[in-house]
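The values are calculated or read from the model by the stated rules, or taken from the named source; none is laboratory data. All values derive from a computational prediction rather than experimental measurement. Heads up, the Cβs are rebuilt from the backbone with ideal geometry, glycines too, and the neighbour counts pull from every protein chain shown. For the accessible areas, the whole protein counts, side chains as well, though only heavy atoms, and no ligand, DNA or RNA atoms are used. Shrake-Rupley method; radii C 1.70, N 1.55, O 1.52, S 1.80 Å.
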Amino acid sequence: MTPIEKAENALNLRIERIQAGLRESRSESARQALFQSLVVCAGIGEALRDYIRTIGHYAQERHGELKQTHDTLTAQHADLLKAGNALLERLKATPTDRAIRKEIELAQKQMETIQKTLRRGANALQREVAPSMGMIDHMALSIRRLGEADDMNALKRVTKEVIAHTCDLYRTQPTLTAKELIDAAAWEKSALAEIDHVTDFYAAYACAGFQVMRALDLMTLAVSPAPPQTTEEATHRANESVATRLKDITARFTSN
């Protein structure tokens, strides 16, 4: 079972527990906290899938761009090889012709340059997607831990983890021109204060789940076609994305 599958299973089991709690609860405040947790769990699953999908789209687009360059350079290499072979034939007839030798050396250097450029392109794509791809398993593990969490301390640990993961991605994603966008200390302080502010476990669970969704949406922005350029922009766009997702999921649940 992959880390993503384990995360999804943990979320699904948590959703089942929340639904059972909703059926049994008679307290309106408890029901509200349970419902918020239910919506958040569904949102986390969607946010994780969106993050993975966005990485895939990015890799496909970059691969398409690199393929165009690859095809052009490969054609140039073939032309140089053909011309080089013709020069070699001429050199056989006149082995002391220095001008032909220089042309052959130039063709060889040009072909070597093309080969290096092709290797750099392939390596560049790997470097560009490696940080975001590597973060999938880290986030999946944190989501699994959230699904299995049964006390406030576990919720706090997950919250700290996903904030750290988000900061790591923004620091290591090579395509980002603005890297120090995430104020981890301020984010963590605010998130943990929200959890400490409530006494109901599922109210705290909803708070922690919200931060997981926020982290996933910030990561998605990092590999999007138009990543944020400032802390304010990153915060605003991530918060809007989370709010829209929660609103849509709430509407789906309440319409049934």
Highest average packing first - 134-146, 189-201, Cβ atoms within 10 Å: 134-146, 189-201
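Between S29 and D150, what length comes free when the chain is fully extended (0.36 nm per residue of separation minus the Cα-Cα distance, one decimal in nm)?
The span from S29 to D150 would gain 41.6 nm if fully extended.
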Estimated vicinal HN-Hα couplings, Hz - the range 47-56 in sequence order (Karplus 6.51, -1.76, 1.60; Gly, Pro = x): 5, 5, 5, 5, 4, 5, 5, 5, 4, x
Accessible-area composition of the range 4-66, carbon plus sulfur, in percent [1.4 Å probe]: 49
Could you pull out every one of the lysines with an alpha carbon less than 23 Å from that of K6, ignoring same-chain neighbours closer than 8 positions? K156, K160
